[in-house]
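Structure, as C-alpha cells:
The values are calculated or read from the model by the stated rules, or taken from the named source; none is laboratory data. The model shown is predicted, which means the values in this text are computed figures rather than measured ones. Neighbour counts are summed over all protein chains in view; Cβ atoms, including those assigned to glycine, are modelled from backbone coordinates with ideal geometry. We work out accessible area using only protein heavy atoms, side chains counted, and drop any ligands, DNA or RNA first. Shrake-Rupley method; radii C 1.70, N 1.55, O 1.52, S 1.80 Å.
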Amino acid sequence: MVLIDGVQGNLSDLNPNNIENISVLKDAASASIYGARAANGVILVTTKTGKEGKISMEYSGNYGVHTPTKMYELITNSAEYMEMFNEARLNSGLTSGLYSQDIINTYRNATDRNLYPNTDWLDLIFNPAPTQTHNLSFSGGTGGTRFDISLGYVNQEGIMKGFNYEKYNIRVNLSSQVNDKIKFGANFSVKKGVKSAPRQGAADTFLAAMSQAPTYSPQLADGSGRYTFKAYDFEYNNKSPIALIDNKVNRNTDDYVISSQGWLDIQLLKGLKWYTKAAVNMDFSKYYDFRAQVPLYNFRTNEFMTLLDVGGSGLVVQDDQNVYKNLYTYLNFDQEFGDGHKVSAQAGYSMEDNVYQYLNGYRKNYPSDVLRQLNAGSPSVQQATGTQNEWAMMSFFGRLGYNFKDRYLLEANLRYDGTSRLNPDSRWGVFPSFSAGWRVTEEQFVKDLDLNWLNSLKIRGSYGELGNQNIGLYPYQSILALTGNYSFNDSSLSSGVAQTSLANPNIMWETTSILDFGFDLTAFQGLNVTFDWYKKTTTDILRGSQVTDAVGLNPPTVNNGTMENSGVELGLQYTNRVNSGYFSGLNYNLGFNIDHYKNKLVDFGAREISGYSLREEGYEWDSFYMLEWIGIFQSTTEITNSPKQFTDATVPGDLKFKDANKDGKVDNDDRIPISGRYPAFNYAFNLSSNWRGFDLSAQFQGVENVKYFVNDWGTIPFVQGSPPTTDWRDRWTESNPSTTMPRMYWGWGAPERIRRNSSWYLQDGSYFRLKNLTFGYTLPNQLTQRAGIQQLRVYFSGDNLVTLTKYPGLDPERGGSGSFVNYPQNKIYSFGVNVKF
Amino acid sequence: MKRYIIPFFVISILLLSGCDNYLDRNPLDQISSSTFWKSKTDFDMALTANYGLNTTGAPWDNPPGGVWSYLLPNWDCITDNCFGQHNNFNSKAIASGDISSTTGGYISLVYSLSYQAIARGNIFLKELSAYKGTDFPDADKKRAEAEIRFLRAYYYFQLYSAYGDVPLILEPLTLETQEQPKVPAAQILAQVITDLDFAIANLNTVPYFQNTGHVTKSTAQALKARVLIYDAYGNNGTPNIEKLTQVRDLCLQVIPQYSLSPVFEAVFQDKGQSTNPEIIYSVNYLAPDNVPTYAADLIYGDWIVVSPLQSFVNSFECTDGLPWGVSPLTDAANPFSNRDPRLSKTVFVDHPDWGGGNVHFPTNSRPTGYGLKKFLCPENTPYGYTTLSQQNSVVLRLGEVLLMYAEAQNEIAGPDASVYKAITDLRARVDMPPYPAGLSKAEMRERIRKERRIELAFEGLRYFDLKRWHIAGEILNNVTDGMLPYKWEDKFYHWPLPQNEIDKNHGVLVQNPDYK
C-alpha cells in the first residue's frame, strides 16, 4: 500500500520531483496505525512543502534514450526458417503445408531481398526511443503560510512501435498557521496522462511481432504501400503488428487523476492535539478504441487475402470513473512526567469508500476510417454497457506509548476494522500490536565501559497482527449472474440468470502476524548496521478454493491455510569523509544489504495441484510441481531400457523424465515438488560519493536462485508460426545428439510428450546488475551566482547498463512464470540538469 | 475559539459514526440469491440460462462456447470425415491417438462443461421443488422440470459416451460434498433414461417447430432414441434387438409429427430455419447480440476450421446411386458433376461459391483443398470478423430419426418396405434414387451406415457412430489421407478422466485403469 501524504494513492500518478521523503514500513507494530491494508507493508510518501523564507525556483530537465536491455534472438533467415519449419512439422506428423525445396532454394539464392526478404520483425518493432522530462517548481513561505507549487511534463515514446505516453502534473501544497493553536493546509494535484497504444497492449503486440515469418515484409514488394498477410497460404501467423500500428488501430486513453486533501491541526490543550484530514481522489479516464478495416494481401501474388484481425469492427468509447474518499480524525496526547517519563496516546477514527463506474458505447459500422466518433457511425448495430461497484471500510484505532529517558521504549496499538467485503456478522476484526526497544548505549553501565567505537546500539522487538480482506468486492455474497441469454423464438432475446459461483458467506478476516527482533548499531562514527529477524505468519488465508469440476460452479472464497515467511535482513552502511591528502573533502557512502527468507505452508486443507503448481503442507506456496527432466533420449535402445513414459510413442531426441517413485514407469505419479519458486536471497550494493562538486553514485542489485516456468512464444518454436530462437540450431537431430535441446516439434501441435509440464521448461532467473550509475557535476557557486543561480548541476545517468544472467531471451527482472513474453525492461542513457534560483 | 472546538469535535464524531449502513455495499448489477427465485419470472430467466449456457463463446474461451452447438462440426475432426488444421479442442492429438489424462481439449472439456450444465440444472430443480408461489401452476412447473431434465439427460449422455464411469450428481454440490466417486456407466445411462422418460411424460406434445424453441415431447423421444441406439450394439457391435425395438418405437412416434424440409440446406441456413418442420431441436442464435464471438461463417468459410478429406468426398455416390468410380457417370475431370447433390451442398472446393458472383475467398490455408459449406449462409458474404452468424445449430432433426428408424428396423426385421420407405424419402428430397430392391440385411446395414455419414456429415455424430458400431479401429486406423497419422486403440472407447479432476479428488475419483 502506498500512502501519499497519509492518503492511499498511486506512485505512477505522482511526479517524482514532488517527493520529499519515502519510507517503507515492514514490521506490524509500525504499520499497524495504517490499518487493514498494511499487511504487505506500507510505503509512506511525503510531498514537499515550502519553507519559511525566500521564495525559490527550481528547474530540472532530463533527456534520455531507451533501448530494451535484452531481446530474443530469432531465426530471421528465411531459408533456415523454412527448413526448420518443415522439420518441425514432419516431426509432429504433419505432412502437409510444407515449403517445397524450390521455394527454399529461391530464397536461399535470391539476390533481390525485396522480393525474397529475411525480415527481422522484432527489429522492426523495437527501436531506441527518446524520453524527455521537465519540471519547474516554486516554493517558499511568509507570514505563517507556506507553499510549494510544481509543474511537470514527461514525453515518453515507447521502445515498442506504436506506444506513446505524455504526462502532465501540477501540484499545489499549502499550509497556514491561523494562530498559535490552529494550523490548516491543503494539497492538491492533477495528473493528465495521454496514452496511445495498440489496442490489445504490449504483450499482444510483442507476440504478434514474434508470430511472423521472415519470408515476407510488412508491405508488398511492389511499393504500393499495401500490407502483407502472408507469403504462402500454409504459413501460420498472428496479426501483422506493423499494419496495426501504421493504421492507428489504437486504444487512445486520456486519464485525469485529481487528488485533493485538506487538513486541520488544532492544539486543544498543552500536549493534546486534534488532527483531521479529508481527502478525495478522483480518476477519470476515457478511451477510444477504433478498429480500422485494413486489407491484407498475399506477398507473392499481391492478391487480396483478408482484413486485418482487429477484433471486430467499429468504435468503442468508454468512460471510467473512480472516486475514493477518506476521512480520518484523531486526538493525540504527549506529555512528559517527572524525570524522563514520556507518555503518548492516540485515539482516532477513519472511514473510506471507493466507487467505480463505467459507461461503454459501441457502434459497429463506419463508412470510413476517418471520422472516429460514435455519432459518425451508423446506428444499425450499437451497444451500451455500464455498471458501478463499491467498497467501504471503517476503523477505530488507538495507541499508547511510554518512553523512559529514550532508554526504554514501549508501545501498544489496537485497531478495530470493519469492511463491506465481509458479511455483517464477521466484518469487524480486532488487531493488536506491541513493540519494545532498549537503547543499550543509554544505560549508565554501558557508558561506563567507555567503548569509543560504539556510538549507539538499540535492541528492539515487535509483534503485531494485521487484517486483510482484499479479495474481490463481494466475496461473501451469494449472487446470480445475468448470463446465458437465449432466443427461443428467433426474433427476440430472453434474459438468462444463473448461479455461476459457489458462495461462502462465512468468510472472515485473514490475519497476518509479524514477529520481529533486531538491532540498530552505529559504530566508528560512520558504520551503521541494521539487522532484523522476522517471522510473518498468515492465517485463515482468504483464497479461492479449488473445487472439483463435478460441482459445476466457480470456486468460492474460503479462509484456509497458514503460511509462514521467515527470514533475516542485514543492512550495512558506511559513511566517511576524507580529510587529508589529494582526495581531501571526498565524502563517500558504501552500502550493502541482503535478505533471505523461506516460505512454507505450515497448514493447508487438502493439497491442491493446478497445472505446474502445488499447494501442500510442508512445501512452498505454489511450489513447482512437475516431472523432473533428466536428459534427452539418444537412441531407441536407451528408450527400451528406460521406464516407459506414459503411453507415449517416444523417439530419440525426446525429453527423458525421472521415474521418481521408482515403479518402473513414468506417469503423473512421478510429478514432484521442485524448489525455486522463491529466490534464495536478494542483495544490493550501493555507492555514492561527492568531491569538489563532482558526484558519483552506483547501485547494484541481484537475485539468486529463482526459477521461472516459461512456455509458448520464445520457448516453443513455431507457436503461431513464430520463428525458433537461435538456440534451436543446437536441437537434437541424428547428426547432432544434443543433450540439452530436444527434437523440434511444431508449436501447439507438438505431441503431449514434449509439452508436459517438466523441469525442462524451468529457467534460472538469477541475475546481478548495475541498476543505476549517475555521474554529476555541480558548478562552483561563485560562478553561477553571477547569473543569479544558486545551484547548477549537470549529470549523466545510466540504468540497467550491465547485467549478468543465464536467463534466456528477455530481462530476468521482469521474469515470471507463464507466457514468456512481456514488455521489455529498458536500458536508459540520460542526461539532465538541475537549476535552482 | 475554545468554546467552539469541543462541540465541533463532539458533533463531528457523532456524524462520522452515525452512519450504521456505511459498510453495507451490495453488487449493483448482479442479483442477490436471497431476492431471486421469488416468482415465475425468475424461473423463466433461470430456464433461459440453461438453454443459453456456453453457446456463444469462442473455442479458446474459458469455458469455451459452441462445443455442442455451432462447433458441432469440429467433432468430425477426430473422425475419418475431416481434418482440423487449427487443432480446436486438441483434435489433432486425439485423432493421432495421443490421448492421456493431460491431453486437454475434448478430453477435459466434455467433463467440465457437462457438469457445469448439470449443476445449473440441479440448482434449478432444487429451487423449483421448494417454490410455493401460486403464480406458477403445477402443470407449468412440471413442464419446466421436464425441460431441465431433458437438458440434464443430454449432458449425462455426453459424459456416458465419452468416459463411461463418472460421478452421478443430482443435487447441487457444496465444498463439503465436492469429492464424488464415479459410478458404473450403467447407472449413468439409467439416469439418462429416467430423466428422458420424465421429459416425455411432461413436455408439450406439439412438435418442436410449434413450441417456440422449447424442447417438446418429441424432442425427448428423439434424444432417447439416440441414446438407446448408441447403446444398442453392446461392447462388440452385436445388435441388441430389445433396445433397437425401443428405438424403432420411439422413432415411429416422432416421425409423423415432422416432415422433411423440401430444401436440404434450408435446415442449416438462417433463412430456412424458422418453423422448419424437420428440426426437432436446435440451439438458437440471434444477431446482433447473441451470436458466436467468431461467426460460424467465418470459422468454416474463411478459416477452414474443418477440412473435409478426399476419402470423405469420394464416398458420395453418383446421381445414379452407384459409388463414384464405379458408376458410368463418374467424371474424373469434373468430380463434382453427376454426384449426390448433397456433396456440393456440404463441401466446397477451394472457396464457397453461391452463384451470381457471390463468392468468398478464404484467407486460411486449405490443407485438403476442400471446405465445409453445409452451415454457411449465402447472405453473409464476405465472411470476416464483422460477420454476425445467427443460423441455429441443429441438434436433432427428422433426417436422423428416419435413419435411426431404418437402422433399427433393419436389424429387427430386415430390409422391409418401411426401411426402404424411410431411406427413399430421405434421398428423394435431394433427387437421389432409392436403393436397389432385394438388398440383404447386411447390405442394407452397410448402405444405411454410408447414408448416415453423408446425410449427417459434420453434425457431430460420426465419432459416436464409429464407436457404437464398434468399427472405430477398422475405420480410423485405415485413414490414409488424414493430413496426420491416425491411430485408434480400443481403450479410446472410454477416454481418461482429466488429470486435474483426479488431483482435485484426492483419491475419491479413480482414473480409468487403461490410462494409469
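Search the range A:1-45 for residues being part of a strand (DSSP E or B) and in contact (Cβ under 8 Å) with a residue 60 or more places away in the chain, and hand back the single one that is nearest to A:Thr329 (Cα to Cα). The residue in question is A:Val7.
If the condition is being in a strand (DSSP E or B), open to solvent by less than 50 Å² (accessible area, probe 1.4 Å) and within 24 Å of A:Gly611 (Cβ to Cβ), then the range A:701-749 contributes A:Val703, A:Tyr708, A:Phe709, A:Val710, A:Asn711, A:Thr725. With respect to the conditions (1) surrounded by 15 or more Cβ atoms within 10 Å (Cβ to Cβ); (2) within 14 Å of chain B (Cβ to nearest Cβ); (3) without any contact (Cβ under 8 Å) to a residue 60 or more places away in the chain; (4) under 30 Å from B:Lys504 (Cβ atoms), A:Leu482 falls short on a single one, namely (1).
Just give me the residues in the range B:60-76 being more than 13 Å from chain A (Cβ to nearest Cβ) and either among the hydroxyl-bearing types (Ser, Thr, Tyr) or buried (at least 22 other Cβ atoms within 10 Å of the Cβ) (or both), in sequence order. Those that are more than 13 Å from chain A (Cβ to nearest Cβ) and either among the hydroxyl-bearing types (Ser, Thr, Tyr) or buried (at least 22 other Cβ atoms within 10 Å of the Cβ) (or both): B:Gly66, B:Val67, B:Trp68, B:Tyr70, B:Leu71, B:Pro73, B:Asn74, B:Trp75, B:Asp76. Candidates in the range A:485-521 are the residues that are open to solvent by less than 40 Å² (accessible area, probe 1.4 Å) and among the acidic types (Asp, Glu); of these, the one that is nearest to A:Gln546 (Cα to Cα) is A:Glu510.
Checking the stated criteria, A:Tyr767 turns out to be open to solvent by less than 30 Å² (accessible area, probe 1.4 Å) and farther than 28 Å from B:Gln499 by Cβ. From the list A:Thr95, A:Thr111, the one residue that fits, being open to solvent by 70 Å² or more (accessible area, probe 1.4 Å), of a type in the set (S, T, N, Q) and within 14 Å of chain B (Cβ to nearest Cβ), is A:Thr95. Taking into account only those residues within the range B:355-377 that are more than 27 Å from the chain's Cα centre (by Cα) and away from chain A (no Cβ under 14 Å), which is surrounded by the most Cβ atoms within 10 Å (Cβ to Cβ)? Out of the qualifying residues, it is B:Asn358.
Given the criteria touching a residue at least 40 places away in the same chain (Cβ under 8 Å), within 14 Å of chain B (Cβ to nearest Cβ) and assigned to a loop (DSSP other than H, G, I, E, B), does A:Tyr72 qualify? The answer is no for A:Tyr72.
For the range B:77-94, filtering for residues that are part of a helix (DSSP H, G or I), touching a Ser or Thr at 6+ places or on another chain (Cβ under 8 Å) and facing chain A (nearest Cβ under 10 Å) leaves 2. Within the option set A:Ser313, A:Ser378, A:Ser344, A:Ser350, being away from every other protein chain (no Cβ under 14 Å) and among the hydroxyl-bearing types (Ser, Thr, Tyr) holds for one residue only, A:Ser344. Meeting the requirement of 1 or more residues that are of a type in the set (Ser, Thr, Tyr) and open to solvent by less than 10 Å² (accessible area, probe 1.4 Å), the helices (runs of 4 or more DSSP H) wholly within the range B:125-239 are B:138-163, B:217-230. Yes or no: the range B:424-431 includes at least one residue that is within 26 Å of B:Asn236 (Cβ to Cβ), away from chain A (no Cβ under 14 Å) and not aliphatic (A, V, I, L, M). Looking through the range B:424-431, none of the residues is within 26 Å of B:Asn236 (Cβ to Cβ), away from chain A (no Cβ under 14 Å) and not aliphatic (A, V, I, L, M). In the range B:440-459, which residues are open to solvent by 30 Å² or more (accessible area, probe 1.4 Å) and in a loop (DSSP other than H, G, I, E, B)? Scanning the range B:440-459 gives a single hit, B:Ser440. When A:Lys167 is tested against the conditions (1) modelled with pLDDT of 95 or more; (2) over 30 Å from A:Asp246 (Cβ atoms); (3) of a type in the set (Lys, Arg), the lone failure is (2).
Reported count of residues in the range A:112-148, each being over 31 Å from the mean Cα position of the chain (by Cα) and outside any loop (DSSP other than H, G, I, E, B), is 8. Cβ-Cβ contacts under 7 Å between residues 6 or more apart (or on different chains), taken from a first residue in the range A:695-720 that is at positive phi to a second residue that is in a strand (DSSP E or B) and open to solvent by less than 20 Å² (accessible area, probe 1.4 Å), are listed as A:Gly714/A:Thr725. For the range A:499-556, name all the residues that are among the aromatic types (Phe, Trp, Tyr) and not in a loop (DSSP other than H, G, I, E, B). Answer for the range A:499-556, where residues must be among the aromatic types (Phe, Trp, Tyr) and not in a loop (DSSP other than H, G, I, E, B): A:Phe517, A:Phe519, A:Phe531, A:Trp533, A:Tyr534. Quick check on A:Asn155: is it more than 14 Å from chain B (Cβ to nearest Cβ), surrounded by fewer than 17 Cβ atoms within 10 Å (Cβ to Cβ) and not in a loop (DSSP other than H, G, I, E, B)? Spelling it out, A:Asn155 is indeed more than 14 Å from chain B (Cβ to nearest Cβ), surrounded by fewer than 17 Cβ atoms within 10 Å (Cβ to Cβ) and not in a loop (DSSP other than H, G, I, E, B). Within the option set B:Asn284, B:Asn235, being over 30 Å from A:Glu235 (Cβ atoms) and within 12 Å of another protein chain (Cβ to nearest Cβ) holds for one residue only, B:Asn284. When the residues of the range A:488-501 are filtered to those that are under 21 Å from B:Ile31 (Cα atoms) and within 7 Å of chain B (Cβ to nearest Cβ), the one that is nearest to the chain's Cα centre (by Cα) is A:Gln499.
Restricted to the range B:464-501, and to residues there that are in contact with a strand residue (DSSP E or B) (Cβ under 9 Å, 6 or more places away or on another chain) and within 17 Å of B:Tyr163 (Cβ to Cβ), the residue that is nearest to the other protein chains (Cβ to nearest Cβ) is B:Gln499.
Check whether at least one residue in the range B:107-115 is among the β-branched types (Val, Ile, Thr) and at the interface with another protein chain (Cβ under 10 Å from one of its Cβ atoms), and report yes or no. No, the range B:107-115 contains no residue that is among the β-branched types (Val, Ile, Thr) and at the interface with another protein chain (Cβ under 10 Å from one of its Cβ atoms). Is there a residue in the range A:634-650 that is open to solvent by less than 70 Å² (accessible area, probe 1.4 Å), more than 14 Å from every other protein chain (Cβ to nearest Cβ) and in a strand (DSSP E or B)? There is no residue in the range A:634-650 that is open to solvent by less than 70 Å² (accessible area, probe 1.4 Å), more than 14 Å from every other protein chain (Cβ to nearest Cβ) and in a strand (DSSP E or B). Residues in the range A:437-455 that are polar (S, T, N, Q) and open to solvent by 30 Å² or more (accessible area, probe 1.4 Å): A:Gln444, A:Asn452, A:Asn455.
Applying the selection to the range A:777-831, what residues are in contact with a strand residue (DSSP E or B) (Cβ under 9 Å, 6 or more places away or on another chain) and in a helix (DSSP H, G or I)? Passing the criteria: A:Asn781, A:Leu783, A:Thr784, A:Pro812, A:Glu813.
Scanning the range A:191-245 for residues that are charged (D, E, K, R), in a helix (DSSP H, G or I) and at pLDDT 95 or above yields a total of 0. Inside the range B:19-58, residues that are buried (at least 17 other Cβ atoms within 10 Å of the Cβ), hydrophobic (A, V, I, L, M, F, W, C), more than 7 Å from chain A (Cβ to nearest Cβ) and touching a Ser or Thr at 6+ places or on another chain (Cβ under 8 Å) make up a count of 0. Considered as a group, the residues in the range A:419-472 that are assigned to a loop (DSSP other than H, G, I, E, B) and more than 41 Å from the chain's Cα centre (by Cα) include one that is nearest to A:Thr530 (Cα to Cα), and that residue is A:Trp453.
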